[in-house]
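Below: one structure, written as structure tokens.
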Amino acid sequence: MLIQELKNGQASALRLLHDRYARFLFFTAFQILGSEDEAKDVVQDFFTDFWQKERYFDVRGNVKSYFFQSVRLLSIRVLDTKKNRATIVRNIIDTNTPLYQVDPAENSQIRMEFTKAVRGLPPQQARVFDMAFMAGKKRKEISAELGINSNTVKTHLADALKTLRKKLIHLR
């Protein structure tokens, strides 16, 4: 009945649907995501999308089931996005993948956080890190360019990676 009211243009029906199902949907999202904030965001995004894109015209049958499936799929997408971010960051940090090989359009948020974390490194560490990972130079090249021992370069890289892992742990 509330869906029919929405179809007839009665926006107050959305508030009633939200009041009736938001808690149930929150727990659904929370079970998948394990984070209260993310679960709240998913439920809010669902209702916003449901209203703005007039998804209530797509509802056939049981409303609760439609809501459950929608929030479940949104939650899984959020989880997949988190896993993809973690994989990208792990690939950057754990391998010699130069940062320029990461697609900036898809990963601008990660790129910004990563750049900020690199800028927070001590100057010599940051410079060695940039040369190794951003420019793709080898330790011997960096050593010769900066006039420092190859083992010092190795130590700077190890320390930089350790620091970045700690600073970017929330992306895993």
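Distance cut-off 23 Å, Cα to Cα: go down the list LYS140/LYS162; LYS7/LYS64; LYS40/LYS166; LYS7/LYS40 and report the pairs above it. Don't skip to the answer; put the middle values down first.
Numbers: LYS140/LYS162 21 Å; LYS7/LYS64 17 Å; LYS40/LYS166 27 Å; LYS7/LYS40 26 Å.
The answer is LYS40/LYS166; LYS7/LYS40.
For the stretch 133-172, what D do you get in µm² per second when you plug the Kirkwood radius from alpha-carbon pairs into Stokes-Einstein at 10 °C and 1.306 mPa s? It comes out at roughly 143 µm²/s. The phi-based Karplus calculation (6.51 cos²θ - 1.76 cosθ + 1.60; θ = phi - 60°) puts the 3J(HN,Hα) values of the stretch 149-159 at 5, 4, 5, 5, 4, 4, 5, 4, 5, 4, 5 Hz, whole numbers, x for Gly and Pro.
Every number here is computed from the coordinates shown, using simple stated rules; none is lab data. Computed from a predicted structure; not experimentally measured.
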